[in-house]
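The values are calculated or read from the model by the stated rules, or taken from the named source; none is laboratory data. Computed from a predicted model, the values in this text were never measured in an experiment. Using ideal geometry, Cβ is built from the backbone for each residue, glycine included, and neighbour counts are taken over all protein chains shown. When the accessible area is computed, the model is the full protein with side chains, heavy atoms only, and any ligands, DNA or RNA have been set aside. Shrake-Rupley method; radii C 1.70, N 1.55, O 1.52, S 1.80 Å.
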2 protein chains.
Amino acid sequence: MAGFGDYVRTVRTALAEKDMRYSLRQVAQRIDVEPAYLSKVERGLVPPPSEATIVRLAGDLGEDPDMLLALAGKVSSDLQAIILRRPKQFAELIRQLRDAPDQAIVKVVREVRDGNW
Amino acid sequence: MAGFGDYVRTVRTALAEKDMRYSLRQVAQRIDVEPAYLSKVERGLVPPPSEATIVRLAGDLGEDPDMLLALAGKVSSDLQAIILRRPKQFAELIRQLRDAPDQAIVKVVREVRDGNW
DNA sequence: TGGCCTGTGTACTACATAGTACACGTTCCA
DNA sequence: TGGAACGTGTACTATGTAGTACACAGGCCA
């Protein structure tokens, strides 16, 4: 299970090759955590950070926050808030889509975006 | 904001009027928590229980688990697991449906159920 | 009037979460 | 050749989560 830390380290070091502002210490400073902590996170010695910290990290590295949160096993709280307003409808929808192919979801998104309701 | 505890107490006492097996103590025993704890939960003196305990409580009271979890501010972990498999697609879908009318969601559920892909 | 059930108050606890603080050895380069 | 930045090891901490344990007062009824 690749994991959050490995992915972050891979992305960060790739950026660091071209730009020294992506050293562990400088990233840690920008996202406001201790370097030692980010080091442990990247090596998987501690669990992934909080949602807020992951979002800052995603912003700094130019990564998709939802994807990075997912690698950490978290669903972003704004999505949760949307679901919580209509729990039964969303529960049914999501369970319905559990085994649907990716294409089906994309299609549904498009239909909803085009506002045919 | 009405809240989890109030709702549980209302439902439970309604059941208890007709059937003494829905006393606080007997419910607590069936769902395997201390009576004092359930008492505090119902009065909002402590935060809502864990997901597992809420699910047992919903089962005992004949309530919808997703709804009771929502009152507790939680999204059930099986839904989260589904979302985490395809975070970007589901994130887009859910945000797209944030302001959609209930009917739109129901319609989408029906379309997906009818295997529209 | 004693035993049983009711709900509740107080005190305490185990574990998880989300980090900080500081010291250390290494490498680079001016 | 020394100081600045690099990543890392060890120790510690504050807060939240999810409850348990036990004692207590009141109602019921046999």
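Six or more apart or on different chains, Cβ under 7 Å: which pairs go from a residue in segment A:102-114 that's polar (S, T, N, Q) to one that's open to solvent by 10 Å² or more (accessible area, probe 1.4 Å)? Could you list them?
A:GLN103/B:TRP117
Can you pull out the residues in segment A:57-81 that are crowded, with 18+ Cβ neighbours inside 10 Å, of a type in the set (A, V, I, L, M, F, W, C) and without any contact (Cβ under 8 Å) to a residue 40 or more places away in the chain?
Those that are crowded, with 18+ Cβ neighbours inside 10 Å, of a type in the set (A, V, I, L, M, F, W, C) and without any contact (Cβ under 8 Å) to a residue 40 or more places away in the chain: A:ALA58, A:LEU69, A:ALA70, A:VAL75, A:LEU79.
What pairs come out if I take residues in segment B:33-56 that are on the phi < 0 side of the Ramachandran plot and exposed (fewer than 14 other Cβ atoms within 10 Å of the Cβ) and pair them with residues that are of a type outside the set (Ser, Thr, Tyr) and assigned to a helix (DSSP H, G or I) whose C-beta lies under 7 Å away, six or more apart or interchain?
B:GLU34/B:ALA28; B:ARG43/B:GLY5; B:VAL46/B:LYS40
Please list, ordered by first then second residue, the pairs with beta carbon atoms under 6 Å, 6 or more apart or interchain, first in segment A:1-18 and open to solvent by less than 30 Å² (accessible area, probe 1.4 Å), second in a helix (DSSP H, G or I).
So the pair list comes out as A:PHE4/A:LEU71; A:GLY5/A:VAL41; A:GLY5/A:GLU42; A:VAL8/A:GLU42; A:VAL11/A:LEU61; A:ARG12/A:TYR22; A:ALA16/A:TYR22.
Looking at this structure, is A:ALA91 of a type in the set (Gly, Ala, Ser), more than 7 Å from chain B (Cβ to nearest Cβ) and buried (at least 19 other Cβ atoms within 10 Å of the Cβ)?
It is false that A:ALA91 is of a type in the set (Gly, Ala, Ser), more than 7 Å from chain B (Cβ to nearest Cβ) and buried (at least 19 other Cβ atoms within 10 Å of the Cβ).
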